[in-house]
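Heads up, the thing below is written out as structure tokens.
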Amino acid sequence: MTNLLIVMVKEPRPGRVKTRLGRDIGMTRAAWWFRHQTGSLLRRLGTDPRWQTVIAVSPDREGLQSRVWPRDLPRLVQGRGSLGDRMARLIRRGPPGRIVVIGADIPDISRWDVASAFAALGSSQAVIGPSEDGGYWLIGLKRGAAPVPAKLFDGVRWSSPHAMSDTVRSLGTSRIAYLRTLRDVDTVQDLSR
């Protein structure tokens, strides 16, 4: 069974990434932080033999041609739409097996966390890594044994304290495992912690 880790990234240009953080520390510094955080994350997770790592890039054309991301990691385009539209498309187009999707703004994510997510998908249909703000830093689904829920991510209020509960609702009757709670970085307060 394939284990596929998808890391969603945006081209780290000032004003395009981490704009809430950018309002606090400046757009250039926020883009710099995101670029270096993502590079560190990809070095930590991208070479683990227990899974294949791919980068889902945005914007599509610029991300595919970017020299910022490691050349040895395959790239997929995120495409258009809301975050939910893009994540659902990546999951539905993935190969049969276990698929885990993460963002790049979680400094504390480790190989152990990703391995735990894939292990949880052995007995559950979905796995979620909650974040402190009501969202989540990881979502994973098992493809092949059961279809991906038709309403996956429908009605999710992104960037709100309801993002995780809305996502759980969109998973219907899927058996869900939960991982440890981690913190993402959206503001200068998050960064200082």
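The values are calculated or read from the model by the stated rules, or taken from the named source; none is laboratory data. Everything numeric in this text was worked out from a predicted model, so none of it was measured. Neighbour counts run over all protein chains shown; Cβ positions are idealised from the backbone, glycine included. Just so you know, the surface numbers come from the protein's heavy atoms only, side chains and all, with ligands and any DNA or RNA stripped out. Shrake-Rupley method; radii C 1.70, N 1.55, O 1.52, S 1.80 Å.
Against the list (1) buried (at least 20 other Cβ atoms within 10 Å of the Cβ); (2) within 30 Å of LYS151 (Cα to Cα), the condition ARG61 fails is (1).
If we scan segment 80-100, do we find a residue that is modelled with pLDDT under 95, touching a Leu at 6+ places or on another chain (Cβ under 6 Å) and not aliphatic (A, V, I, L, M)? Yes, that holds for at least one residue.
Of everything in segment 11-35 that is open to solvent by less than 20 Å² (accessible area, probe 1.4 Å) and assigned to a helix (DSSP H, G or I), the residue that is nearest to ASP190 (Cα to Cα) is LEU21.
Within segment 98-115, if we keep just the residues that are buried (at least 21 other Cβ atoms within 10 Å of the Cβ) and among the hydrophobic types (A, V, I, L, M, F, W, C), the residue that is nearest to THR2 (Cα to Cα) turns out to be ILE99.
Output yes when any residue across segment 18-32 is closer than 24 Å to VAL156 by Cα and among the small types (Gly, Ala, Ser), and no when none is. Taking every residue of segment 18-32 in turn, none turns out to be closer than 24 Å to VAL156 by Cα and among the small types (Gly, Ala, Ser). Contact map, segment 48-62: residues that are more than 14 Å from ALA115 (Cβ to Cβ) and free of Cβ contacts under 8 Å to residues at least 24 places away in the same chain paired with residues that are open to solvent by 50 Å² or more (accessible area, probe 1.4 Å) and in a strand (DSSP E or B), Cβ distance under 9 Å, separation 6+ or inter-chain. Pairs shown: ASP60/VAL77; ARG61/VAL77.
Taking (1) of a type in the set (Ser, Thr, Tyr); (2) surrounded by 14 or more Cβ atoms within 10 Å (Cβ to Cβ); (3) out of contact with any helix residue (DSSP H, G or I) (no Cβ under 8 Å at 6 or more places or on another chain); (4) within 25 Å of LYS151 (Cα to Cα) in turn, THR38 satisfies each apart from (4). Out of GLY79, GLY84, one residue alone is open to solvent by less than 50 Å² (accessible area, probe 1.4 Å), on the phi > 0 side of the Ramachandran plot and touching a helix residue (DSSP H, G or I) at 6+ places or on another chain (Cβ under 9 Å). It is GLY79. Out of curiosity, is ASP72 part of a loop (DSSP other than H, G, I, E, B) and crowded, with 19+ Cβ neighbours inside 10 Å? Answer is no for this residue.
Cβ separations smaller than 7 Å between residues 6+ apart or across chains give the following pairs from segment 104-120 residues that are touching a residue at least 12 places away in the same chain (Cβ under 8 Å) to residues that are small (Gly, Ala, Ser): ASP113/GLY129; ALA117/GLY129; ALA117/GLY140; ALA120/ALA177. Residue count for segment 41-53 under the criterion of being touching a helix residue (DSSP H, G or I) at 6+ places or on another chain (Cβ under 9 Å) and either part of a strand (DSSP E or B) or surrounded by fewer than 16 Cβ atoms within 10 Å (Cβ to Cβ) (or both): the result is 4.
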